[in-house]
1. Any residue in the range 50-73 that is in the same structural domain as ILE103 (by TED's automatic domain parsing) sitting within a Cβ distance under 6 Å of a residue that is surrounded by fewer than 23 Cβ atoms within 10 Å (Cβ to Cβ) and assigned to a strand (DSSP E or B)? List the pairs, counting only those 6 or more apart or interchain.
2. Given ALA79, ALA66, ALA7, which one is surrounded by 14 or more Cβ atoms within 10 Å (Cβ to Cβ), at pLDDT 95 or above, within 18 Å of the chain's Cα centre (by Cα) and away from the ligand (no atom under 16 Å from the Cβ)?
3. Restrict the check to the range 25-44 and report whether at least one residue is of a type outside the set (Val, Ile, Thr), free of Cβ contacts under 8 Å to residues at least 12 places away in the same chain and under 24 Å from TRP95 (Cα atoms).
4. For ALA87, work out the one condition from (1) aliphatic (A, V, I, L, M); (2) assigned to a loop (DSSP other than H, G, I, E, B); (3) more than 16 Å from PHE4 (Cα to Cα) it doesn't fulfil.
5. I need every pair where a residue in the range 106-132 that is assigned by TED's automatic domain parsing to the domain that holds TYR163 and assigned to a loop (DSSP other than H, G, I, E, B) has its Cβ under 9 Å from the Cβ of a residue that is among the polar types (S, T, N, Q) and modelled with pLDDT of 95 or more, sequence separation at least 6 or different chains.
6. Taking the condition of being more than 11 Å from the ligand (Cβ to nearest atom), charged (D, E, K, R), over 14 Å from the mean Cα position of the chain (by Cα) and not in a loop (DSSP other than H, G, I, E, B), how many residues in the range 10-44 meet it?
7. Spot the failing condition for LEU62; the list is (1) part of a helix (DSSP H, G or I); (2) on the phi < 0 side of the Ramachandran plot, and only one is missed.
8. List, please: which pairs have Cβ atoms under 7 Å, are six or more places apart or on different chains, and start with a residue in the range 160-188 that is more than 26 Å from PHE26 (Cα to Cα) and end with one that is at pLDDT 95 or above and among the small types (Gly, Ala, Ser)?
Amino acid sequence: MLTFYFAPGSSSMAVHIALYEIGMPFDARALSFARKEQLRPDYVALNPEGKVPVLIVDGKPLSEVAACLYYLAKTHPEANLIPTDLAGEAQAISWMSFVAATIHPAGRVGGPENVVKAFGLAERKLGTNDWALGAYSIADIHLFRLYWRYRTHATRHLNPDDYPRLETHFNRMMARPAVQRTLEVETEIGYELPW
Ligand SMILES: N[C@@H](CCC(=O)N[C@@H](CS)C(=O)NCC(=O)O)C(=O)O
């Protein structure tokens with residue numbers, strides 16, 4: 001069984017959603033950011049960066065949202081979370097790289113204006129597609145987690161009116177049982193991010 005280290009509402013939420021999408025049992029280990037459990041020696045031994053998520057795969061820690069999502073999608077093809085052709089798979093990696101490298105650090109790197117700019121890019125990239133790659137995939141899960149955070153919980157909320165396509169995408173994601181289950185479980189534990 002996979003072991004999954006996470007902190008509610010953080011980046012690991014994307015992996016949590018994917019775990020429910022594939023429907024396999026997993027051993028969930030919640031870390032408290034308030035108690036700085038991500039810096040515990042036993043956790044830093046798994047991820048020297050002291051960040052979530054980590055999945056234990058074949059006895060080895062796997063970090064980074066994109067890598068965890070990719071692993072889950074590829075090991076569970078029946079869940080249809082990634083295209084089966086190479087070009088489609090590359091598009092999934094392209095989207096997830098954009099989310100991890102441009103959207104996730106936007107606030108830290110350039111402040112609130114940069115967050116607005118990054119989501120403006122995401123809005124344009126999404127275009128009129130229902131889903132980032134045309135069909136539902138791990139790229140949507142990754143994108144959703146960041147939009148969810150800035151739309152719903154960040155101290156300086158985004159204005160949903162500025163992002164009609166991301167808003168429609170958000171509503172589509174919110175209708176998925178895996179998203180609802182993740183929100184239910186993580187809300188129950190409690191959010192401890194510096195919103
Ligand atoms: N590039 C990493 C980023 C992971 C990350 O930044 N995780 C944050 C939560 S969103 C974290 O664990 N922070 C703990 C800390 O900074 O102490 C990924 O995509 O997984």
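1. none
2. Just one listed residue meets the conditions, ALA79.
3. Scanning the range 25-44 turns up no residue that is of a type outside the set (Val, Ile, Thr), free of Cβ contacts under 8 Å to residues at least 12 places away in the same chain and under 24 Å from TRP95 (Cα atoms).
4. (2)
5. Pairs that qualify, where the first residue is assigned by TED's automatic domain parsing to the domain that holds TYR163 and assigned to a loop (DSSP other than H, G, I, E, B) and the partner is among the polar types (S, T, N, Q) and modelled with pLDDT of 95 or more, are ASP130/THR168; TRP131/SER137; ALA132/GLN91.
6. Number satisfying all stated conditions: 3.
7. The failed condition is (1).
8. LEU166/ALA122
The values are calculated or read from the model by the stated rules, or taken from the named source; none is laboratory data. Worth saying up front: this structure is predicted, and the values here are computed from it rather than measured. So basically every Cβ, Gly included, is an ideal-geometry build from the backbone, and we count neighbours across all protein chains shown.
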